[in-house]
Amino acid sequence: MLRLGLTGGIASGKTTVARLFAALGIPVIDSDELAREVVAPGPAGLEAIRARFGPGVIQPDGTLDRRALRERVFADPAARRDREAITHPAIRALMDRRSGEAGGPYQILAIPLLVEGGARRPGIDRVLVVDCPEELQVRRVMLRDGSTEAGARAVLAAQAGRAARLAAAADVIVHDGDVAALRDRVEALDRHYRGLAAA
């Protein structure tokens, strides 16, 4: 099974690209969705988060306050490492299980922090990076999250830089807002990946 690691900086357009591949019949396994599963009430991940970060990151209904936790970990690199140590092994195991169940001509594994975790992750055959200019990322984050420009730039600074992501890429999709061009690029890559998978 050919497995492609889809990544890109925050607000680069990864979700849009993943949806376009899914519309072509390609299984997309999204680590962000799996991250929500491993900290849902019930699994041990949520209790480990509560034990490390305290009740301030838990909402009154017992679910994770993702915004509160995000603010904590972006402000403190040690806290971010602790959160990753709790959640990342469970996310990887769940991703491998879902991949084994998904089938398809090839698969897209959407992993926003793929480059930060080392793009040579076992089981990833190629890295596909969704890229856009940094100023556009900042505007998108501010619009999407209601954050300040300083807050948006802090989130970008906590991720791997654009140059590091592009250096890890086998393929790049530029998402600068031209939806027709984006769809054409995804369709061209789909044909290419189907050929690679068949070979």
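Observations on the structure shown:
- For the condition in contact with a Gly (Cβ under 9 Å, 6 or more places away or on another chain), in contact (Cβ under 8 Å) with a residue 40 or more places away in the chain, within 23 Å of Ala154 (Cα to Cα) and open to solvent by less than 70 Å² (accessible area, probe 1.4 Å), Pro112 qualifies.
- The single residue among Ala85, Ala154, Ala160 that is within 18 Å of Gly8 (Cα to Cα) and surrounded by fewer than 16 Cβ atoms within 10 Å (Cβ to Cβ) turns out to be Ala154.
- Positions within segment 167-182 being surrounded by 14 or more Cβ atoms within 10 Å (Cβ to Cβ) and under 10 Å from Val127 (Cβ atoms), in sequence order: Ala168, Ala169, Asp171, Val172
- Only one entry of Arg66, Arg3, Arg50 meets the criterion of being among the basic types (Lys, Arg) and over 24 Å from Ala160 (Cβ atoms), and that entry is Arg50.
- Selection from segment 167-188 of residues that are among the hydrophobic types (A, V, I, L, M, F, W, C) and either in contact with a strand residue (DSSP E or B) (Cβ under 6 Å, 6 or more places away or on another chain) or assigned to a loop (DSSP other than H, G, I, E, B) (or both): Ala168, Ala169, Ala170, Val172, Ile173, Val174
- Scanning segment 22-64 for residues that are under 27 Å from Glu134 (Cα atoms), open to solvent by less than 40 Å² (accessible area, probe 1.4 Å) and free of Cβ contacts under 8 Å to residues at least 60 places away in the same chain returns a single hit, Ala35.
- The sole residue among Leu114, Leu46, Leu136, Leu69 that is of a type outside the set (S, T, N, Q) and within 16 Å of the chain's Cα centre (by Cα) is Leu114.
- Some residue of segment 51-66 being of a type in the set (D, E, K, R), touching an Asp or Glu at 6+ places or on another chain (Cβ under 8 Å) and farther than 18 Å from Gly5 by Cβ: yes
- Sole residue being modelled with pLDDT of 90 or more, closer than 26 Å to Asp176 by Cβ and not polar (S, T, N, Q), chosen from Leu4, Leu113: Leu4
- Here the condition is being under 17 Å from the mean Cα position of the chain (by Cα), surrounded by fewer than 18 Cβ atoms within 10 Å (Cβ to Cβ) and at pLDDT below 90; of Arg19, Arg80, it holds for Arg80 alone.
- Taking first residues from segment 182-199 that are within 14 Å of Leu128 (Cα to Cα) and partners that are surrounded by fewer than 18 Cβ atoms within 10 Å (Cβ to Cβ) and among the hydroxyl-bearing types (Ser, Thr, Tyr), the Cβ contacts under 9 Å between residues at least 6 apart in sequence or on separate chains come to Leu182/Thr16.
- Residue count for segment 37-56 under the criterion of being basic (Lys, Arg) and either in contact with a Ser or Thr (Cβ under 7 Å, 6 or more places away or on another chain) or over 18 Å from Phe74 (Cβ atoms) (or both): the result is 1.
The values are calculated or read from the model by the stated rules, or taken from the named source; none is laboratory data. Predicted, not measured: the structure shown is a model, and the values here were computed from it. Methodologically, a virtual Cβ is constructed for each residue, glycine included, from the backbone with ideal geometry; neighbour enumeration extends over all protein chains shown. Surface accessibility is based on the protein's heavy atoms, side chains included, excluding ligands, DNA and RNA. Shrake-Rupley method; radii C 1.70, N 1.55, O 1.52, S 1.80 Å.
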